[in-house]
Amino acid sequence: MKMKTISNVMQLTALLWFLPLMVLHLSCKNNRSSSKQVFHYNESSNIASLDPAFAKNQSIIWTVHQLYNTLVETDSNLNIVPSLAYRWEVSDDRLLYRFFLRRDVFFHDNDAFAGGKGRKMTAHDVEYSFKRIVDRNTASSGAWIFNTRVDTIRPFIAINDSVFELRLIRPFTPLPGLLSMQYCSIVPREVVEKYGRDFRSHPCGTGPFKFKSWEEGQSLILLKNENYFEKDSEGNRLPYLDAIQTTFYNNKATEFLMFRQGKLEFVNDIEASFKDEILTKAGTLKKDWEGKIVLAKHAYLNTEYLGILVDSTGNTAGNSPLKHKKVRQAINYGFDRRKMMMYLRNSIGTPAESGFVPAGLPSFDPENVRGYTFQPAKARQLLKEAGYPGGKNLLPIRLLTIPVYSELASFIAKELEAIGLTVRVEVVQKGLLLEQTAKSQAPFFRASWIADYPDAENYLSVFYSKNPAPPNYTRYNNPRYDQLYEKALSITDDSAKYAVYRQMDRMIVEDAPVVPLWYDQAIHLVQPYVKNFRPNGLNLLELRRARISQERK
């Protein structure tokens, strides 16, 4: 094929774009002229594995979600709904969960099966998949889901082909939410044993899309699972798309250029360097972009915050002025979250003026959990009461952050300077920050908590004193809080449970081991011809019902 002379980068872009489409038998002249519905997106952070046992970050989770199913899942409103299990029962003591499985679910075709034909999924596959997660030889990063929670003798039991039981040591009402995580995807023993560690690149599940090819760092192609069990309200089998193609350009500018050229169906998040070109300070599309792209924003279960080491038994916290609660409270009152969000985030997200639990969860109630707003006079008064009037005799405070958040950290430091606090921002690499927070070597640090499952317990567990770091990076220890946390785990009535959650969140506001910054939003730029692309609070890439209109601009 003869190509015009262009830059090396554009040559590589064109080549990598063209080759995967040949695999899909799309037109090499103009892939948009094909009648096939192919959804293209770019994953700038690459993908390390296609094995759900290692689905520990968004890039893996998004792909695993297309290839596999779990017993239960979350809907667009974060409710737990049936998936492989069409219903389930819970014993009166809340220790036994019995799941009744669909009988029309088949694994994708694979050479490991007799005749290469995908066989029916059964409860024995569920038992195997869960045992595999906790098996030390697997070394799954998701083992924490079951460790210390499930029965130590027979935690997972296939009663027959269609009934599966899970036994707990003690009640844990958020369990269904945990089982919706991609770690808990169901895999077939034959395929896992056939490929061993190479199962990471030879995935086989029951999901709406099946594996076609993966050129690591270049392109991943998934094809429509023609035998997928789910149907729409009119009886049409899902999914509607014929294929998904993922590219792996780590340059967000290249990604956006491809999106504007119609080579990508959507872009997740906006690169900070050009967000001002696209968005107003109010977070809406600028007029130049209206009608050309669709801006989709929705609540994302992620709380961005500053963590404060409050464990007075360690030397790090013991020598820090942050050991004083009133100093921590002064920091919370001492900067303008709303101004920060408008000017540095283009209003992407909600200022965290409630507790640690983010907007988007059903228990979230800003009227019952009142957090901190910008009140500099109150901040100065608290410093005075702590024995540091105007910040006198108060040692400088080191704030550790990673490069991408350095501007935000500097903004906060500048604001706090006006109330008498000297904050020195220290930018470190992510790995070092994680190491120092895990070892209690960071008295003041930037962090975030993204929900693993849609229950406020996931956020409140961050402050349970019996938890190590992670998740309890602040080493918060409050016996009354621990009692409430343990009590909430056995409450089955949602209203009563949420009331306890809010009580705990108010305690976190009062003791101030963290400085909540904002409750996040997922932001997508979507092509106008993409239909039924539905967002959710966990920011899963949901493509089962997505369509690509043939009437493209």
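None of the figures in this text is laboratory data; all of them are computed from the coordinates on show. It should be emphasised that the depicted structure is a prediction, and the values quoted were computed from it without experimental measurement. When we count neighbours, we look across all protein chains shown, and the Cβ atoms used for this are built from the backbone with ideal geometry, even at glycine.
What to note about this one:
- Summing Lys and Arg as +1 and Asp and Glu as -1 over all other residues whose Cβ lies under 14 Å from the Cβ of Ser363 gives a net charge of -4.
- Helix 479-488 and the longest principal axis of the C-alpha atoms of the chain enclose an angle of approximately 30°.
- Across segment 287-302, computed HN-Hα scalar couplings (Karplus, 6.51 cos²θ - 1.76 cosθ + 1.60, θ = phi - 60°) run 4, 4, 9, 4, x, 8, 9, 10, 9, 10, 10, 7, 4, 10, 6, 8 Hz from first to last residue, x flagging Gly and Pro.
- Sorting 206-215, 325-334 by average packing, meaning the other beta carbons within 10 Å per residue, from highest down gives 325-334, 206-215.
- For the chain, the longest principal axis of the alpha carbon atoms and the long axis of helix 376-385 meet at an angle near 60°.
- Total charge dipole magnitude, the chain, about the Cα centre, Cβ charges on Lys, Arg, Asp, Glu only, Debye to nearest 20: 1000
- Scattering curve values for segment 299-521, log₁₀ I(q)/I(0), Debye with Cα scatterers, q = 0.14 Å⁻¹: -0.84
- When the alpha carbon coordinates of segment 82-129 are projected onto the principal axes, the ranges are 45, 18, 11 Å, largest first.
- Percentage relative contact order, the chain, counting C-alpha pairs under 8 Å, at least six apart: 18
- Straight-distance crosslink candidates among lysines, where the alpha carbon sits under 20 Å from Lys287 and sequence neighbours closer than 8 are dropped: Lys275, Lys297, Lys553
- Where Cα atoms sit under 18 Å apart: lysine pairs in segment 361-482 separated by 8 or more or lying on different chains: 6
- Three-way shape call for the chain based on the alpha-carbon gyration tensor, with the a/c threshold at 1.5: oblate
- Alpha-carbon centroid distance for the pair segment 75-150 / segment 187-258, whole angstrom: 19
- What the Cβ-Cβ distance of Gln261 and Asn79 gives, at R0 = 30 Å and to the nearest 0.05, is a FRET efficiency of 0.20.
- Length released on extending from Lys466 to Lys292, taking residue separation times 0.36 nm less the Cα-Cα span: 57.5 nm
- Classification of segment 351-467 by its C-alpha gyration tensor yields an oblate form. The axis ratio a/c (a ≥ b ≥ c) is 1.5 or more, and b/c is at least a/b.
- Think of it as helices only: each DSSP H run of n ≥ 4 in the chain is worth -39500 (n - 2.57), and spread over all residues that comes to -7500 deg cm²/dmol at 222 nm.
- Helix 123-134 vs. the chain, principal-axis angle (Cα, 0 to 90°, nearest 10): 40
- Gained length - Arg197 relative to Glu234, 0.36 nm times residue gap less alpha-carbon distance: 9.2 nm
- Cα lying deepest toward the dipole's positive end in the chain, options His40, Leu50, Gly118, charges on Cβ: His40
- Ranking Leu309, Gly387, Pro403 by how far each Cα lies toward the positive end of the dipole of segment 299-521 (charges on Cβ) leaves Gly387 at the top.
- Listed peptides 150-157, 351-358 by packing density, highest first (mean Cβ within 10 Å): 351-358, 150-157
- Tensor-based shape of segment 177-249 (alpha-carbon gyration tensor, a/c under 1.5 rounded, otherwise prolate or oblate): oblate
- What the Cβ-Cβ distance of Leu395 and Met342 gives, at R0 = 45 Å and to the nearest 0.05, is a FRET efficiency of 0.90.
- Distance between segment 357-371 and segment 421-437 - C-alpha centres, whole angstrom: 29
- Each Lys or Arg adds one and each Asp or Glu subtracts one; over the other residues with Cβ under 11 Å from the Cβ of Tyr240, this totals +4.
- Whichever lysines have a C-alpha closer than 27 Å to that of Lys210, once near sequence neighbours (fewer than 8 apart) are set aside: Lys29, Lys36, Lys56, Lys117, Lys120, Lys131, Lys194, Lys224, Lys231, Lys263, Lys531
- Net charge over other residues, Cβ less than 11 angstrom from the Cβ of Met507 (K, R count +1; D, E count -1): -1
- For Phe100, Phe259, Phe463, order by how many other beta-carbon atoms lie within 10 Å, fewest first: Phe100, Phe259, Phe463
- Segment 299-521, dipole about Cα centre (Lys/Arg Cβ +1, Asp/Glu Cβ -1), debye to the nearest 20: 900
- Length gained on full extension, Asn147 to Ala418: 92.8 nm, using 0.36 nm per residue less the C-alpha separation.
- The Gln218 and Glu271 beta-carbon pair, evaluated with R₀ = 25 Å, returns a calculated FRET efficiency of approximately 0.70.
- Trypsin sites (Lys or Arg not before Pro) restricted to DSSP loop in segment 266-314 with at most 14 other C-beta within 10 Å: Lys281, Lys286, Lys292
- Annotation: aspartates and glutamates with alpha-carbon distance below 13 angstrom to Lys323 (same-chain offsets under eight excluded): Asp311, Asp511.
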